[in-house]
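The next block holds one structure in the form of structure tokens; read it before the comments.
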Amino acid sequence: MNLLTRATGLLPESAEIRLTHLIHLGYALFDAGQLESAAATFERAIADAERADVAAIVSRGSIGTMFVDSLVGVGFDTPLASVKAKLAQLEESADDAGLAEGLFVAGMFMSWLGKSQEANAAFDDAVMHAERAGDRRLQVWPTGAKILMNSWCYLPVDEGLRSSDELLDHHRATSIEPFARTRALYLSLDGKHDEARAEMERARELYLEYGNELLGAASALGYAYIETNAGRLEAAESIARAGAERLKQFGDQGFYSTTIGMLAEAVYRQGRYDDAEQWAHAVAEAAMENDYEPQIRWRCVRGKVLARRRQFDEAKSLVREAAETASATDAHVVIGDTFSDLAEVLELAGEMPEARAALEQALEAYERKGARWLIDVTRRRLDELAGSTE
């Protein structure tokens, strides 16, 4: 990053190599969690490229700006359409580096909208263009993002573990390795909680070792989920709280809102319902409108708290809204967790047949994911529910 900064200061303002360095510097600052500086660098690249009449750099800078904006509160539905328009311009100029960046960003937006299968094609195309450009840096993000996003969404556990292991075999001791270590989520869903913890610890170490401060902090959201799955609720709370504080320092809103959602869940499961409700409100305030995970999470946590207070109508309404949102995505784990929460609310309301139906929908989602741990947990809950209604 220091070398890029020096190079952009020494080269002539209109030199295309300098403008390209500005784009690289913007993404390096992004990785380091310096989001405000990253945005300013992309804006600088756009302004200088417009004066030099270098259209491809204008498009690349615009895509970088939209990516940073997506994490500081703008959202990603409208920006996705804008990125696609910039990609069309980069296609005309056959700019492989710009296409790699744009396709990666488009893939991230698709993933955050709950369309991970659609995103996979964008990530694969991004890698192809990065290879054509001969730029290893541009290969890292789409390669890693694909495996990371798939772990939360549609890819079954066994297939995900195979993909992660193959990636690890080919990219050990490179900046792609920490992404492969997110096999931790698959291990957690398979009930291998201690292995999952060890893998996540290693992933976090590697993100920081390779200078990716942003993902090092953001990994707290996955780590907290893993610890919650394992029943280590105090650890989950501590991890989520520390990660959220770091993300807030960066000025991030996207990863932050999801992380405090994990914090709200960990606090709820400890029986601290007032605290959980406060965190749910914080998630609702921070979450972008079309960011499905925190939008679902705050409704589920607050709905469960309201059900504990016997405010069943509002509780059911909130969690049913969450279930409708979840069902429009291909995030099988999120779908399963949401219907599991709905079952809890319905059971508290004494609506046992409806609670059983919600649990069966949760089980179906977990089975699609191949999440053996959650399948077993859900089947036990179904058996208990059947016993309570006999």
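Every number in this text was worked out from the coordinates using simple rules, so none of it is lab data. Here the structure is a predicted model, which is why all the values come from computation and not from measurement. Quick reminder, even Gly has a Cβ in these numbers, built from the backbone with ideal geometry, and neighbours come from all protein chains shown.
Add -39500 (n - 2.57) for each DSSP H run of 4 or more in the chain, then divide by its residues: what number comes out at 222 nm, to the nearest 500 deg cm²/dmol?
Working: 21 runs with 322 residues, N = 390.
Value at 222 nm, helices only: -27000 deg cm²/dmol.
Label separation (E16 vs R380): 6.3 nm, computed from points 7 Å beyond Cα along the C-beta direction.
The alpha carbons of the range 1-152 stretch over 44, 30, 27 Å along the principal axes, in descending order. Note on the chain: lysine pairs with Cα distance below 23 Å, sequence gap of 8 or more or different chains, count 10.
Give, in nm to one decimal, the length gained when the segment between E209 and E367 is fully stretched (0.36 nm per residue of separation minus the Cα-Cα distance).
Values: separation 158, 0.36 × 158 = 56.88 nm, distance 3.62 nm.
Extra length from E209 to E367 when fully extended: 53.3 nm.
Name all residues of the range 257-278 having a backbone nitrogen under 13 Å from the label point set 7 Å from the Cα of R309 along its Cα→Cβ direction, giving them as ranges. From the range 257-278, the list is 273-278.
Only Cα sites of the chain enter the Debye sum here, all with the same form factor; the resulting log10 I(q)/I(0) across q = 0.08 1/Å is -0.42, listed in q order.
In this structure, V74 and E50 have a Cβ-Cβ separation that, at R0 = 25 Å, corresponds to a calculated FRET efficiency of about 0.70. Annotation: peptides 141-149, 161-169, ranked by per-residue average of other Cβ atoms within 10 Å with the highest first, follow the order 141-149, 161-169.
Does the range 255-390 come out rounded, prolate or oblate by the C-alpha gyration tensor, with a ≥ b ≥ c the root eigenvalues, rounded set by a/c under 1.5 and, if not, prolate when a/b is larger than b/c and oblate if not? Intermediate results must be reported in sequence, preceding the final value.
Working: a/c = 1.79, a/b = 1.27, b/c = 1.41.
Oblate, because a/c is 1.5 or more while a/b does not exceed b/c.
Full extension of the segment from E159 to A242, taken as 0.36 nm per residue of separation minus the current Cα-Cα distance, would add 26.7 nm. Figure legend: label point modelled 7 angstrom from the Cα of A88 along Cα→Cβ; residues of the range 45-81 with amide N under 12 Å from it are 81.
In percent, what relative contact order does the chain have, based on Cα pairs under 8 Å that are 6 or more apart in sequence? Kindly include the intermediate steps, with their values, before the conclusion.
On the way: 664 pairs, mean separation 46.1, N = 390.
Relative CO of the chain lands at 12 percent.
Express the relative contact order of the range 1-152 as a whole percentage, based on alpha carbon pairs under 8 Å and six or more residues apart in sequence. The partial results should precede the final answer.
Numbers: 200 pairs, mean separation 22.5, N = 152.
Computed over the range 1-152, the figure is 15 percent.
Distance from the alpha carbon centroid of the range 8-75 to that of the range 337-372 works out to 46 angstrom.
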